[in-house]
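Participant: Before I ask anything, here is the structure I am working with.
Please treat every number below as a calculation from the coordinates, not as lab data. Not measured: the values here are computed from a predicted model. Positions of Cβ are backbone-derived with ideal geometry, glycine not excepted, and every protein chain shown enters the neighbour counts.
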């Protein structure tokens, strides 16, 4: 089996979280989802574990950050097209999220993003690496 990634995020309300991400087109693995957490499939080997705050707290001795007040992580998701970037942000806003930053078109890349109901910031982008300006 290849390497997988499971990003763990604290959430306040499991049903609200399920509803929000279902509206964006994501699916959950029922084998690893219950009233304590949801296993959301992002890609073949990439998952978000959306865990109820008390359950999440059991994995760390540090205080759990309130993502509506502080940013610990920015989650970046690639999209197949500019249209997908725009559609995903529009779905997020319709489902109760908000767009914390303006859409940026850099020519070789379009960036936008949304906050989920718990304040986690998801950056969505489309990029044509061949058209990126040289670095250095």
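Participant: Tell me the Rg and the Dmax, in Å, that the Cα atoms of the stretch 1-58 produce.
Facilitator: So, for the stretch 1-58, Rg and Dmax equal 11.0, 33 Å respectively.
Participant: For a Förster distance of 35 Å, can you work out the FRET efficiency between the beta-carbons of residue 130 and residue 70, rounded to the nearest 0.05?
Facilitator: Numbers: r = 37 Å, r/R0 = 1.06.
For R0 = 35 Å, the calculated efficiency reads 0.40.
Participant: Can I ask one more? For the chain, just the Cα atoms, rotate onto the principal axes and tell me the three extents in Å, largest first.
Facilitator: Projected onto its principal axes, the Cα set of the chain covers 45, 37, 29 Å.
Participant: With the contact rule set at Cα under 8 Å and sequence spacing of 6 or more, what percent relative contact order holds for the chain?
Facilitator: Answer for the chain is 22 percent.
Participant: For the residue pair residue 43 and residue 104, what label-to-label distance in nm results when each label sits 7 Å from Cα along the Cα-to-beta-carbon direction?
Facilitator: Here the modelled spin labels are 2.1 nm apart.
Participant: Grab the Cα-Cα distance for residue 86 and residue 7, subtract it from 0.36 nm times how many residues apart they are, and report the gain in nm with one decimal. Intermediate values should be presented prior to the final figure.
Facilitator: Values: separation 79, 0.36 × 79 = 28.44 nm, distance 2.38 nm.
Gain on stretching residue 86 to residue 7: 26.1 nm.
Participant: Hey, could you pull the Cα Rg and Dmax for the stretch 57-127, both in Å?
Facilitator: Answer for the stretch 57-127, Rg first and Dmax second: 13.7, 44 Å.
Participant: Right, next: With label points built 7 Å along Cα→Cβ from the Cα atoms of residue 60 and residue 36, find their separation and express it in nm.
Facilitator: Placing both labels 7 Å along Cα→Cβ, they lie 1.8 nm apart.
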